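One structure is given here, and the rest of the page talks about it.
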Amino acid sequence: MSAVHSSSSHAAVAGNGAVALSIENLQAWYGESHILHNVNLSVHTGEVVTLLGRNGAGRTTTMRAIMGLTGARQGSIKIGGVETIALPTYKIAHHGVGYCPEERGIFSSLSTEENLLLPPSLSMTEKGMSVEEIYDMFPNLKERRNSQGTRLSGGEQQMLAVARILRTGARLLLLDEISEGLAPVIVQALARMITTLKSKGYTIVMVEQNFRFAAPLADRFYVMEHGQIVESFASSQLEEKMPVLNALLGV
Amino acid sequence: QISGDVVKIGFITDMSSVYSDIDGPGGAEAIKMAIADMGGSINGKKIELVVADHQNKADIASSKAREWFDQQGLDMLIGGTNSGTALAMAKIAAEKKKPFFEIGAGSTRLTNEECTPYTVHYAYDTYALAHGTGSQVVKQGGKSWYFITADYAFGASLEKDTTAVVKASGGTVLGSVKHPLNASDFSSFMLQAQSSKAQIIGLANAGGDLINAVKAANEFGVTKNAKLAGLLVFINDIHSLTLKQTQGMYLTDSWYWDQNAESRAWAKRYFEKMKKEPSSLQAGDYSAAMQYLTAVKAIGTDDGDKVMAQLRKSKFNDMYAKNAYLRPDGRVVHDMMLYQVKAPADSKYPWDYLNKIETIPGEQAFTPKAESKCTLWK
Amino acid sequence: MEIFGIPLQALMSQLLLGLVNGSFYAMLSLGLAVIFGLLNVINFAHGALYMMGAFLAWIGLTYFNLNYWVMLALAPVLVGLFGIIIEKTMLRWLYKLDHVYGLLLTFGITLMVEGIFRSFYGVSGQPYSVPDALSGATDLGFMVLPNYRAWVVLASLSVCFATWFVIEKTKLGAYLRAGTENPKLVEAFGVNVPLMVTLTYGFGVALAAFAGVLAAPVIQVSPLMGSNLIIVVFAVVVIGGMGSIMGSIITGLALGVIEGLTRVFYPEASATVVFVVMAIVLMIRPAGLFGKEK
Amino acid sequence: MTDIILETKNLTKEFRGFTAVNAVNLQVERGHIHALIGPNGAGKTTCFNLLTKFLIPTSGQILFNGRDITADAPAQIARQGIIRSFQISAVFPHLSVMENVRIGLQRTLGTSYHFWKSGKSLGQLNQRAMELLAEVDLTEFANTLTVDLPYGRKRALEIATTLGMEPELMLLDEPTQGMGHEDVDRVTALIKKVSVGRTILMVEHNMNVVSGICDKISVLQRGAMLAEGRYEEVSKNPLVMEAYMGTTTEALVGAH
Amino acid sequence: MNMNKKIGYGILLLAALAAPFGIYPVFLMKIICFALFACAFNLLIGFTGLLSFGHAAFFGGAGYIAGYALQTLGLPTELGLIVGTAAGALIGLVMGSLAIRRQGIYFTMITLALAQMLYFVCLQMPFTGGEDGLQGVPRGHLLGFIDLGNDLTLYYIVLAIAVAGFALIVRTVNSPFGQVLKAIKENEPRAISLGYDVNRYKLLAFVLSAALSGLAGSTKTLVLGFATLTDVHWTMSGLVVLMTLVGGLGTIVGPIVGAVIIIVLENKLGDIGNWLATVTHIDWFSGLGESVTIVTGFIFIVCVLAFRRGIVGEISALLKKRASSIS
Ligand SMILES: Nc1ncnc2c1ncn2[C@@H]1O[C@H](COP(=O)(O)OP(=O)(O)OP(=O)(O)O)[C@@H](O)[C@H]1O
Ligand SMILES: Nc1ncnc2c1ncn2[C@@H]1O[C@H](COP(=O)(O)OP(=O)(O)OP(=O)(O)O)[C@@H](O)[C@H]1O
Ligand SMILES: CC(C)C[C@H](N)C(=O)O
Ligand SMILES: [Mg+2]
Ligand SMILES: [Mg+2]
C-alpha cells in the first residue's frame, strides 16, 4: 500500500489555514529496527487530528519522532514552518510543542504540584495556563496537590499528565492515548477539555485506541499501518470510510 | 675472566615512593660515581649499571632480580631501601650464587635467620639503632614505651630489637600499633599511642612515614604528655621536618656528610649533581660499589664465589668506612655514631644539622656472636 | 576521665577523626549518587578527581603561590571543567549502553589520571600545611580539637546540606529529580537536559575536588589517596542504597563514626568494619538502608 | 463439585499504601481457558506476578491443586507446573529456536548443573523439541537465531517452550498483543489447540479472542473482582460495561 | 568444533610448546597464569554477564593459601595447588552468595568492596607476612619425583595445568549448565519462569570462575615463589578486566590474547619505549616504562569507546561480515 499524501484533504480542514506541523518522508529507527517508513502528514493550526491504527502500527513512534525521542530520524518535520529534524528534543519543545506520553510519565519523586510546576514556559511571549486555571479545570488535582505524583489514581495521573503540558504555553499538543484506562466520567471531561482547547486555537494531534472518544473530536483522521500512513480523510468522510476502517482496524 | 665481558651491577630500590629521598635516584647517582671513579672499566671490560624501582614490593624486586640474573648475566646486585624487598632479593642472589650488597634495609633477619653466603649487609641494622638511639633514650629517663611500627619486616625488626633494649634497661613496653607502609594519615595511630599513656612514643618507621607521624603528633598535642623517639632518622627527614620540629632528637647513623674532610669532599661532588647533601645510605651505595669493584679488580674475575672470598679477606677503607670488614654472617662491621639534632640557633650553614654525641665501635654496634642466629657463623 | 578504660581525650579525638572521614565519605557518596541518578554512570574516577582537587591545591600553593582559600574555590571549578570535558567527549557516548561501560571508562580515566600524577610526583605524597587562619588547636579540656579538623566537618556538612536543599527544595532540584526518573520526558518539556547532565557531572566532580582540597592539609597529598578511598565509598553507597540524598549524607557520616569507634575498641578491624557492615546490610536489606528495590 | 486447579483467597497486594490487587478470590477450573480482563491498571499483571511469586503478596493465599503455595519461590512454583508467559515477548534472542525449546526441556534431565558434561548430551532432547516446534508450526525455523523471527512467531516459540515444561497451568499475559490479524488468529487457534488436557489462565484485551475461546471470564477493576462468569453473562453485566467500555450502550464485542 | 578452530587451537598449542626455547620461561609461565586467570574471569562476565571487580580476591587469596600450604605446611606440590584452588572456590562461595543478592552495577561494587576487605584481612593476618608477603615458596617435586626447580620442566607442567583449565572452561561453556547460563544472561525472568533457580546457577558459575582463578593464582605462587598483596589488590581485578576487555568479552580465546598483550606491555613497555625513542628520535618515549598505568588506562578508554568487542571479537565480527558479503 502506498503512502497517501495528506494534501488532497486540505480543503476540508478547520482552523485558519497556516500549517502548524508538516511531516514529509519521515523515517525512524529504534536501534537496528526500522519502524517508520516514509510517513507524510500535515496539521493546520487549530485543527484536531487523530492517528488511528493497530497496536504497533507506529503511532506512538510518530509522536516520539516529532519530539526527537526515537533513535535515528530522517526526512523532514516542520513545526510552524521551521525545520526541526536536526534539533535536540528540548529545542523542538521550544517551538511550542507539548507532548503527553502514552505512559503518562508522572514523576514519583515529585509531588502533584511539583509535577505540575515542573515544565518551564517555552517562550517569553506564550504563557501557559496558570495553576489556578488548571485547578479550576481539574478540581481533583487541587485536592491532592501535595501527595506524591505516582500515588494518584490512574485517572488523576492522566489528568495531571495532560494538565502539565498546558502549563508550558505549547500551542501544538501531541496527546498519546490520553483516554486509556480512565473512567467514563473522566473521558467525558477530557472530551470537553479538548473541545475547549480547540476553541482557544490550540492545535492537537491525538493517538487514540478509543475510537468512540476520538471520532466526534477530530477534524481529520490518519490511519497508520506498519509504520506508514495508509489512509487519510476528514471527519465529514467518516461515514463512507467506515468499511475501510473496519478492514484496517476492526472497529 | 669477566663473565659476558662486562661487569654488570644491578641496583633495585625505591625510586618513587616514601624512601626515594633517602636512597632512590641519589643512590643510583652515587653508584655511578663509584663506577666513574674506577675508570668505567676493569681490565678493559666495561662496567655497567642497571637500575629498577621495586615500589616497595617484594614481588617486583625478586622477579626483577631473577630476570636480571637469568637474562642479563648480572654479576652483582645492590639492594636499596626496604627490608621486605631485601630479604626477597637475598634469596634470589643466593640461589644464583652472586654477591648481594644490601645498603638501605635495616632488618637484622638478613644476617640472622636468613643469612646467606652471598649477602653483604653494608650500612646499618636495627640492632645498631636499638642499641644506639634506643638505649640513649632510656638512659635519658624514658622508661615506658609505645611503638608506632611500619607493618613490614623492617618495622617488626626494629620494634623487636628496641623492645629488647628497653626491657634490658628496666623499661616497659605498653604496646604497639602497626601502620601500612606509606600511610597517609597518622592521626589515629598517634591517638592510639596517646591513650596508652606511655612516656615515649617510639617511631619504628622511616622516611615519609616518620615525617607524617611527627606532624600528626604535633597537630593533636600528643607531644604535651609524651616524647617522640625516632628510631631511624635520616638527614633528609630532618631537612623536611625542619630543625624546629626535630631539635634534640637522638639518632644513630653510620655516616654524616660533615663528619670529616674526606666525607665533605665526596659530599661536595655529590651535591653538585643532586643539589642535596647525601644521606648515609647514598654514601654506602658508593662505598659498596667501590669495594666490590676493587675486589673484582684484585682477582681479575667476577665469579660470585671468588669475589665473596676476596671480600672476606679484605679490609674496607674509603670515605665511608674505615677498617671495616665482612663477618661470616654477612654483616659489614664498622663504627656507628650517635648524634643529636641541633637547635635551630646552633645551625651555622645549610645542612648543618647534627652534633655527634659518641662513637659506637663496630664490635659493640652490631649483633654479637652469642646472639647471632646465623648458621654460617658458628 | 575514662570510658571503658579509654581516656576521654582519645575517645573524643577518634570520634572527631571518624567524623572527618565520614564527611569525606558523605561528600563523595553524595556526588556519586547525584551522578548516578542522572547519568546512570558509576563514576569510578571520583576518587581520582578528589585526588586532583588536593593536588591542585598543592600545585597552586607551590608553584603559583595561591593560598588555601583561593584554591578551595578554584580547584573545584577547574576539576569541574575537567569533568565537563570528560562528559562531553567520552561519557556522552555510553549512556545507551550497559552501566558497566561507564564504570569501565571511568576506571580507565582513573588509571590515566593517577598514572600521570604518579609520574610527576611519585607515590610518597606531598605535605600541605594547614592554612594559617586555622592552624593550631583549641584545648577543650577533655580533648585537643585541631581547628582545621573542626573546619573540615563544618565545611563539608554545610556543602552537603546545601546540596540537599538545592535538590530537594528548589526548582532546579525538581528538574534533577525528574531527570533522574525520566530524562527524555523532561527534555520533551523543553528543559536542556544534555546541558543539565553535563553540569551535573561537573558539579558532582567539583564536589569531589572540594573534598580533596579540604583533605589536603589532613593527609598527604598523594596520587593514590583517591583510589583507596573510593572503594570504601562504594561500600558506603551499597550500604546507603543511593536512593536518597539525605541517605548518602547520613550513611557517610555514620560509617565514619563507626570506623572511629572501631579504632578505639578494636583497632585491628578498623580497616574492614565498613565492609563488614556492608555484608550485614546486604544480608538483611539487599537494597541498602535507603534504597528502593527496583 | 467442580475441580478447581488454582484458587486465590483474599489475595491482596499493596504498593506503599496503594492497593493494586484487593482481596481477589479467583477460582480457575481444571481444563478451562479462563480469561482475566479489566481496564488498564486494574491489577491483572500484578495478579499474574503474585501467582508466580514475582511479587510477594501482602496478604491472602494461593492454592494450587489444593496445596498452599503462597510461600514458595518462583522457581519452585514453575517446577510444580505453573508456567507463565510475559506481556512483552519472552524468548532467549541469541539462542536458536531449537535451543530455546531445549532450555525448557533440559531441566527434566537433571543435568543442568553438570558443567563438566558435554553439550552433546542435550542431543537426546532434539526429537521432543522438534515435536513441540511442529506443534506450533516452527519446524522450518528450528535453526534460525531467535532474534530474526517475526513477532508472531516469537510468541509461538514462547508457547512451544512453555509447553515443553508440561505445564498443568499456563498463564498467558496478553498473548495476542501487538499482533497483526493473521497472527492473532493463528495464536488464538494455537491456544485452543494446546489447551487440550491443560488449564490456561490468560489476560487479554482482545474481545474477539476472549469470546472465541474462553470458557470463563473474570473482570478486575481497581484491583478487585467486579464480575465473573461466562462470556455471554459477563458481557451483558452493566457494571462491566460501565467499567470496561466506558459506556453502557454498546456490547463488548466492539472494544477492538 | 569446526576444522578451522581445531587448526587454530593446534597452532596455539604448538607455539606454546616451542615458546620456552626462544623466550624466558619464567616470563612465559607468568603469561600463562594470567591467561588462565583471564579465561576464568571471562567465564563469569562473558557467559553470565556478571561483571566482577573482585577477582583479585580469588587469585591472590588462593595464592596465599597455596603458598602457605607449600611452605609452612610442607604439603606436596600437587596438593598445594589443590588446596589453593579449593580456597579460591571457598572465597568465591562466600563472596558470591553475598554479591548475587544485587544485580548490575551494584554487583560490581559489592565484589569490589568485598575483595578489598579480603585485601585488608591479608594485610593483617600473620601468616601472609603483611607487606612483605610470603617469600621463597618452594617449588618442590611433582608426584614426589619430578623436580620442578628446573624452569623448563615447570613450564610444561604449568602449560598442562592451564590447558586443562582452559579445556574445562570450554567444556563448561558448552555443557548443559553453560546452556542455562546463556539463557539466564539473555532473559533472566524467562529463565526463572521456566523453573530455573537462577541465583544458584549464577552462584555456581561464580564459584567455578573463582576456583579456576584460584588455580591460576596458586600456580603463579608456585612459579614465582611468592605471594604478595599485589595479587589481592583491586588493581589486579582491574587488570584482569582489562585483559578480557582487550581480548574480547565472551570470546573463548580473547582473554588469552588479552593476557598476552597486557603482560607483555606491562613488562616490556620500557623496552618498547626505548625502541620507539631510538627509532623516532622522540625522547619522550623513553619514559614510557614508568608510565604503565597511564598506558593501561588509555587502552581501557580506547577499548570502551571504540572497541567494545575486543581484538578477537572485532576480528570474528569482521570475518563474519566478510563471509556474509561473499555468500
Ligand atoms: N523502544 C523500542 N525499541 C524497539 N522497538 C520498538 C520500541 N518501541 C516501539 N517499538 C516497535 O515499534 C513498532 C511501533 O510501535 P509504536 O509504539 O509506535 O506503536 P503504536 O502504533 O503506538 O501502538 P500501541 O497501540 O501499542 O501504542 C512496534 O513494532 C514496536 O514493537
Ligand atoms: N511495582 C509497583 N509499585 C507500585 N505500583 C504498582 C507496581 N506495579 C503495579 N502497580 C500499580 O498497580 C496497578 C495495577 O497494575 P497492573 O500492572 O497489575 O495492571 P494491569 O491490570 O495488568 O493493566 P494493563 O492492562 O495495563 O496491563 C496499577 O495502578 C499500577 O500503577
Ligand atoms: C631506608 C629505610 C628507611 C629502609 C628501612 N630501614 C627498611 O629496612 O625497610
Ligand atoms: Mg502507542
Ligand atoms: Mg498488564
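Summary table
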| quantity | calculated |
| --- | --- |
| Filter result (open to solvent by 30 Å² or more (accessible area, probe 1.4 Å) and assigned to a helix (DSSP H, G or I)) within segment B:1-36 | B:Ser3, B:Gly4, B:Asp5, B:Pro25, B:Glu29, B:Lys32, B:Ala36 |
| Scope segment C:123-136; condition in a loop (DSSP other than H, G, I, E, B) and more than 23 Å from the chain's Cα centre (by Cα); matching residues | C:Ser135, C:Gly136 |
| Matching residues in segment E:71-118 - criterion: being of a type outside the set (A, V, I, L, M, F, W, C) and open to solvent by less than 10 Å² (accessible area, probe 1.4 Å) | E:Thr77, E:Gly80, E:Gly84, E:Gly88, E:Gly92, E:Gly96, E:Thr108, E:Thr111, E:Gln116 |
| Any chance D:Phe15 is more than 28 Å from D:Gly197 (Cβ to Cβ), within 12 Å of another protein chain (Cβ to nearest Cβ), more than 17 Å from the chain's Cα centre (by Cα) and away from ligand 1 (no atom under 16 Å from the Cβ) | yes |
| Residue match in segment B:92-103 (condition: open to solvent by less than 40 Å² (accessible area, probe 1.4 Å), assigned to a loop (DSSP other than H, G, I, E, B) and either at pLDDT 90 or above or touching a Pro at 6+ places or on another chain (Cβ under 6 Å) (or both)) | yes |
| Given (1) modelled with pLDDT under 85; (2) more than 11 Å from every other protein chain (Cβ to nearest Cβ); (3) in contact with a Lys or Arg (Cβ under 7 Å, 6 or more places away or on another chain), index of the condition D:Pro74 fails | (2) |
| In segment C:90-109, the residues that are among the hydroxyl-bearing types (Ser, Thr, Tyr), more than 7 Å from every other protein chain (Cβ to nearest Cβ) and assigned to a helix (DSSP H, G or I) | C:Thr106 |
| Among the residues listed as C:Leu214, C:Leu282, C:Leu224, C:Leu289, the single one being modelled with pLDDT of 90 or more and more than 14 Å from chain A (Cβ to nearest Cβ) | C:Leu214 |
| B:Tyr118 vs. criteria touching a helix residue (DSSP H, G or I) at 6+ places or on another chain (Cβ under 9 Å), open to solvent by 10 Å² or more (accessible area, probe 1.4 Å) and under 16 Å from B:Asn205 (Cα atoms) | no |
| Cβ-Cβ under 7 Å pairs, at least 6 apart or on other chains, segment E:93-106 side within 8 Å of chain C (Cβ to nearest Cβ), far side in a helix (DSSP H, G or I) and open to solvent by 20 Å² or more (accessible area, probe 1.4 Å) | E:Gly104/C:His99; E:Ile105/C:His99; E:Ile105/C:Val100 |
| Matching entry among B:Phe220, B:Phe189 (being open to solvent by 10 Å² or more (accessible area, probe 1.4 Å) and within 25 Å of C:Ala150 (Cα to Cα)) | B:Phe189 |
| Strands (runs of 3 or more DSSP E) wholly inside segment D:185-252 containing at least 1 residues that are within 30 Å of D:Leu133 (Cβ to Cβ), modelled with pLDDT of 80 or more and more than 16 Å from ligand 5 (Cβ to nearest atom) | D:199-203 |
| Segment D:16-29 residues that are open to solvent by 50 Å² or more (accessible area, probe 1.4 Å), paired with ones that are within 16 Å of ligand 2 (Cβ to nearest atom) and at pLDDT below 85 (beta carbon under 8 Å, 6 or more apart) | D:Arg16/A:Arg151; D:Gly17/A:Arg151; D:Phe18/A:Arg151; D:Asn22/D:Gly43; D:Asn22/D:Arg222 |
| Residue that is over 22 Å from B:Thr81 (Cβ atoms), within 14 Å of chain E (Cβ to nearest Cβ) and over 19 Å from the mean Cα position of the chain (by Cα), where the choices are B:Val173, B:Val177, B:Val165 | B:Val177 |
| Within segment D:46-61, considering residues that are within 13 Å of ligand 5 (Cβ to nearest atom) and closer than 13 Å to D:Ala73 by Cβ, the one nearest to the chain's Cα centre (by Cα) | D:Phe54 |
| Residues of segment D:194-213 classified as in contact with an Asp or Glu (Cβ under 8 Å, 6 or more places away or on another chain) and hydrophobic (A, V, I, L, M, F, W, C), total | 4 |
| Qualifying residues in segment D:26-45 (those that are within 16 Å of ligand 1 (Cβ to nearest atom) and of a type outside the set (Gly, Ala, Ser)) - the one nearest to the other protein chains (Cβ to nearest Cβ) | D:Asn40 |
| Residues within segment D:85-99 that are modelled with pLDDT of 80 or more and within 8 Å of chain E (Cβ to nearest Cβ), tallied | 6 |
| Some residue of segment E:145-159 being in a loop (DSSP other than H, G, I, E, B) and in contact (Cβ under 8 Å) with a residue 12 or more places away in the chain | yes |
| Residue in segment D:46-53 that is touching a residue at least 40 places away in the same chain (Cβ under 8 Å), away from ligand 4 (no atom under 16 Å from the Cβ), open to solvent by less than 60 Å² (accessible area, probe 1.4 Å) and within 14 Å of chain A (Cβ to nearest Cβ) present | yes |
| Every pair of residues 6+ apart whose Cβ atoms lie under 8 Å, when the first sits in segment D:229-250 and is assigned by TED's automatic domain parsing to the domain that holds D:Glu204 while the second is among the β-branched types (Val, Ile, Thr) and at pLDDT below 80 | D:Val234/D:Val240; D:Ser235/D:Val253; D:Pro238/D:Thr248; D:Met241/D:Thr247; D:Met241/D:Thr248; D:Glu242/D:Thr248; D:Gly246/A:Val187 |
| Number of the condition not met by B:Asn225 [criteria: (1) buried (at least 22 other Cβ atoms within 10 Å of the Cβ); (2) within 12 Å of another protein chain (Cβ to nearest Cβ)] | (1) |
| Any hit, segment B:265-273, residues being open to solvent by 20 Å² or more (accessible area, probe 1.4 Å), aromatic (Phe, Trp, Tyr) and touching a strand residue (DSSP E or B) at 6+ places or on another chain (Cβ under 6 Å) | no |
| Scope segment E:181-230; condition open to solvent by 10 Å² or more (accessible area, probe 1.4 Å), within 7 Å of chain D (Cβ to nearest Cβ) and at pLDDT 85 or above; matching residues | E:Lys182, E:Glu186, E:Asn187, E:Asp197, E:Leu204, E:Leu208 |
| In segment C:110-122, the residues that are facing another protein chain (nearest Cβ under 8 Å) and not in a loop (DSSP other than H, G, I, E, B) | C:Thr110, C:Leu111, C:Met112, C:Val113, C:Glu114, C:Gly115, C:Ile116, C:Arg118, C:Ser119 |
| Total residues in segment D:126-179, condition of a type in the set (Gly, Ala, Ser), outside any helix (DSSP H, G or I) and within 16 Å of ligand 1 (Cβ to nearest atom) | 1 |
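Okay, residues lined up against (1) surrounded by fewer than 17 Cβ atoms within 10 Å (Cβ to Cβ); (2) assigned to a helix (DSSP H, G or I):
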| site | (1), (2) |
| --- | --- |
| A:Thr70 | no, no |
| A:Leu87 | yes, no |
| A:Glu103 | yes, no |
| A:Pro120 | no, no |
| A:Glu133 | yes, yes |
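The values are calculated or read from the model by the stated rules, or taken from the named source; none is laboratory data. No experiment lies behind these values; they were computed from the predicted model shown. Virtual Cβ from ideal backbone geometry, glycine too; neighbours counted across all protein chains shown. In case anyone asks, the SASA skips ligands and DNA or RNA and just uses the protein heavy atoms, side chains included. Shrake-Rupley method; radii C 1.70, N 1.55, O 1.52, S 1.80 Å.
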